[in-house]
Amino acid sequence: MLLEATNNFSEDHKIQTSSFGLVYRATLDNGREVAIKRAEISMSKPYVSKHSDNAFLNELKVLSLLNHKNLVCLLGSYEDSNEHILVYDNMKNGTLHDHLHRL
């Protein structure tokens, strides 16, 4: 479903780079707009993979515990030996970082 919604994670759907991978926008079959963080695991770069694993697990842990109207809602996650994925509600007006650092 995520592959289809992002056109196989195409560049057209990419919106930014995150702490552990790339972020894509997508519209699910039910019309819900989501942001998808995706990191592919690289066996050729073990340090990067370890950092990515830690960032993914920390973000998953923190967002699983939090529920606040001013925080993005974590909708789901996926993990296997090749990739890590987090799915959030999409922030249509941009991130806090965007608002604080916009020129």
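Tabulated values for the structure
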{"read-out": "Listed residues K37, K92, K61, K69 arranged by accessible area, highest first, probe 1.4 Å", "value": "K69, K92, K61, K37"}
{"read-out": "Accessible surface of the chain, 1.4 Å probe, proportion on carbon and sulfur as whole %", "value": "52 percent"}
{"read-out": "Exposure of L71 as accessible area (Å², to 10), given a probe of 1.4 Å and all protein chains", "value": "80 Å²"}
{"read-out": "Assigned charges on the beta-carbon of Lys, Arg, Asp, Glu; the stretch 54-102 dipole about Cα centre (debye)", "value": "340 debye"}
{"read-out": "Computed accessible area, R32, all protein chains, 1.4 angstrom probe, square angstrom", "value": "100 Å²"}
{"read-out": "Solvent exposure of the chain as accessible area per residue, Å², 1.4 Å probe", "value": "71 Å²"}
{"read-out": "For the chain, built as a Gaussian network whose Cα springs stay under 10 Å, the top-fluctuating residue of E59, E83, E11", "value": "E11"}
{"read-out": "Area accessible to solvent at H101, 1.4 Å probe radius, in Å²", "value": "110 Å²"}
{"read-out": "The chain: Lys pairs at Cα distance under 28 angstrom, eight or more positions apart or on different chains", "value": "16"}
{"read-out": "Cβ charges +1 (Lys, Arg) and -1 (Asp, Glu), total dipole of the chain, debye", "value": "400 debye"}
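The values are calculated or read from the model by the stated rules, or taken from the named source; none is laboratory data. Remember, it's a predicted structure, so these values are computed and weren't measured experimentally. With ideal geometry, Cβ positions are generated from the backbone for all residues, glycine too; neighbour counts draw on all protein chains shown. Please note that ligands, DNA and RNA were not included when accessible areas were found on the heavy atoms of the full protein model with its side chains. Shrake-Rupley method; radii C 1.70, N 1.55, O 1.52, S 1.80 Å.
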